[in-house]
Amino acid sequence: MSVKTNSTSLIAPCYIRDYGLVCALGEGKASVSAALSAWHSSGVTPLDRERAELSDGRLTPVGRVRAALPAIPAALAPYDSRNNRLLLAALAQIQPALDELKSRFGAARIAIVLGTSTSGIAEAEVAVSAVLAGQPCPAGFDYRQQELGSPSEFLARNLALTGPAYTLSTACSSSARAFISGQRLLMSGLADAVIVGGVDSLCGLTLNGFDSLESLSTDICRPFGSDRRGINIGEGAALFLLTRECTSLALLGAGESSDAWHISAPHPDGIGAEAAMRMALQQTGLEAVDIDYINLHGTATRLNDEMESKALARLYGDESTAPCSSTKMLTGHTLGAAGVIEAALCCLLMEQALTPPHQGGVQDPALAPIALVQSASAADTGKPLARVLSNSFAFGGNNVSLLLGRTGQDHQGKAS
């Protein structure tokens, strides 16, 4: 079987000028950092407190954003959706840095690449339900709310940016793939700065869709655990500002592959997942043993955890894998936004020198051996994280691995 990949030559890193996020853990870096620290001591996650109702009346844990969200400007009312309000919450956190870059580079030299899988489907669900019940379509509904291109179009219009702006939708790798597209825009000289990110919101389509696939758990998800039963769904948004100017954090490299094994199931041996991780390493000239922590895709489904553990075990060979865990029991699986939200969590972990335990219970002995961080005490090694690999694997065999790292530089390229 062949797996399609891109070039694996060494590339120059692109640098993270700033980033912002909103998810079930909180809004903004300070809030999410505090939640990560609190979770280390309590083990309680937002998914312990939030439930959503499925079409048959059963309840399932979800990673719901509880923060108050900004209003959509009146001039952009046709784009008013929860998805786009989540974007505005993340945007507010990077607005000062963005304004500075816009004043230097101009509106035409800043690009936008976002990932999503739901866009404004929740609003469409309400509208369709009303019409089917013989009621008028809600006055505020507009078809642009549900279009997959809506997030990037909305953001570009809101910011009056005229550079390239587009949305990717490759299921759960969407926003991780946005990093790769943003990286290419910078390397090609088509942009001097790129806003990359992703957003997804809770809706009946994804909750009941994953339930119909028998992939949704009605308990807290337990990635790689013997008793894992499936995923929990979450929502959120994160935005990164990428430039060619050296800063303290960077996208060092990225790998992507497409194994096209099955429309929804991953390749059982993780061939494409392994290829994506190897490509990310090859782009940087690093070896697997140089990685300090791996943020696993870790959905807690039987097939995903099985293939990801196999791919990691082959990547490391006779060596023990890097410490690894899944953060999806903290946020829920945020689908198209998962890659960028987990990239933001990885950046916070590097800044905090924390390694989150996986809290998945006893590792399934049937899985290939990987170095799951078993407890908060084991996670607090005191060793700073310098290089982190974050995996996002999606339907259709769309696989992305992002290699993020610390550079020891401030945003002006000075040693910090």
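The values are calculated or read from the model by the stated rules, or taken from the named source; none is laboratory data. Bear in mind the structure is a predicted one, so any value in this text is a computation, not a measurement. In this analysis, Cβ positions are derived from the backbone assuming ideal geometry, glycine residues included, and neighbour counts consider all displayed protein chains. Side chains are part of the model used for accessible areas, which takes the heavy atoms of the whole protein and leaves out ligands, DNA and RNA. Shrake-Rupley method; radii C 1.70, N 1.55, O 1.52, S 1.80 Å.
A few remarks follow.
- Shown is the FRET efficiency for Asp269 and Ser188, computed with R0 = 30 Å from the Cβ-Cβ distance and rounded to the nearest 0.05: 0.30.
- Relative contact order %, the chain, counting alpha carbon pairs below 8 Å whose residues are six or more apart: 23
- The phi-based Karplus calculation (6.51 cos²θ - 1.76 cosθ + 1.60; θ = phi - 60°) puts the 3J(HN,Hα) values of the stretch 104-110 at 8, 9, x, 5, 7, 9, 10 Hz, whole numbers, x for Gly and Pro.
- Net charge of neighbours whose Cβ lies under 15 Å from the Cβ of Ala130, counting Lys and Arg as +1 and Asp and Glu as -1: -3
- For the chain, DSSP calls about 70 percent of its internal beta bridges antiparallel.
- For the pair Arg51 and Tyr166, a Förster radius of 41 Å applied to the C-beta separation gives a FRET efficiency near 0.70, rounded to the nearest 0.05.
- What the chain shows is 37 Å² of accessible area per residue, with the surface traced by a 1.4 Å probe over protein heavy atoms.
- The slack in the chain from Leu205 to Arg244, taken as 0.36 nm per residue of separation less the alpha-carbon distance, amounts to 10.1 nm.
- For Ala386, the amide hydrogen comes within under 5 Å of the amide hydrogens of Asp292, counting only partners 5 or more places away or on other chains and with H modelled in the peptide plane.
- Distance histogram for the stretch 282-349 (every C-alpha pair counted, 10 angstrom bins, percent rounded to whole numbers): 18, 48, 32, 2
- On a per residue basis, the convex hull of the C-alpha atoms belonging to the stretch 89-181 measures out at 107 Å³.
- Dividing the summed helix terms, -39500 (n - 2.57) for each DSSP H run of n ≥ 4, by the number of residues in the chain produces a 222 nm estimate of -10000 deg cm²/dmol to the nearest 500.
- Couplings for the stretch 66-77, taken from phi via the Karplus curve 6.51 cos²θ - 1.76 cosθ + 1.60 with θ = phi - 60°, read 9, 5, 5, 9, x, 7, 6, x, 4, 5, 10, 3 Hz in order; Gly and Pro are left as x.
- D_trans [Stokes-Einstein, Kirkwood Rh over alpha-carbon pairs] for the stretch 184-241, 10 °C, 1.306 mPa s, µm² s⁻¹: 111
- From the C-alpha gyration tensor of the stretch 233-296, square roots of 5λ in Å: 25, 19, 12
- Placing +1 on each Lys and Arg Cβ and -1 on each Asp and Glu Cβ, with no other charges, gives the stretch 177-333 a dipole about its Cα centre of roughly 220 debye.
- Semi-axes of the equivalent ellipsoid of the stretch 251-373 are 19, 18, 16 Å, computed as sqrt(5λ) over the eigenvalues of the C-alpha gyration tensor in descending order.
- Distant-in-sequence amide H partners of Gly253 (H built 1.01 Å from N, under 5 Å): Leu403
- Across the stretch 148-157, coupling constants 3J(HN,Hα) worked out from phi with the 6.51/-1.76/1.60 Karplus curve, θ = phi - 60°, read 5, x, 4, x, 6, 5, 4, 5, 4, 5 Hz, and Gly and Pro carry x.
- Among Val128, Val32, Val373, residue whose mean-square fluctuation peaks in a GNM of the chain (springs only between Cα atoms under 10 Å): Val128
- Length available on full extension from Lys102 to Ala34: 0.36 nm per residue minus the Cα-Cα distance, which gives 21.4 nm.
- Rounded to the nearest 20 debye, the dipole size of the chain about its Cα centre is 680 debye, using +1 on the Cβ of Lys and Arg and -1 on the Cβ of Asp and Glu.
- Label assignment, mean projected area of the Cα convex hull in nm² derived from the structure, set [x] 20.9; [y] 19.3; [z] 21.9: [y]
- Taking a straight Cα-Cα cut-off under 15 Å and skipping sequence neighbours fewer than 8 places away in the same chain, the aspartates and glutamates within cross-link reach of Lys310 are Asp269, Glu274, Asp318, Glu319, Asp364.
- Computed across the stretch 135-252, the Kirkwood radius stands at 17.1 Å (inverse of mean 1/r, all Cα pairs).
- Positive-end ranking of Ile220, Gly298, Gly106 along the dipole of the chain, with charges on Cβ about the Cα centre, is headed by Gly106.
- Extension gain for Ala139 to Ala12 (0.36 nm times residue separation, less C-alpha to C-alpha distance): 40.8 nm.
- Tail fraction, Cα-Cα pairs, the stretch 136-205, threshold 17 Å, whole percent: 52
- Simple rule: put +1 on each Lys or Arg Cβ and -1 on each Asp or Glu Cβ in the chain, find the dipole, and look at Leu186, Trp261, Ser117; the Cα lying farthest toward the positive end is Leu186.
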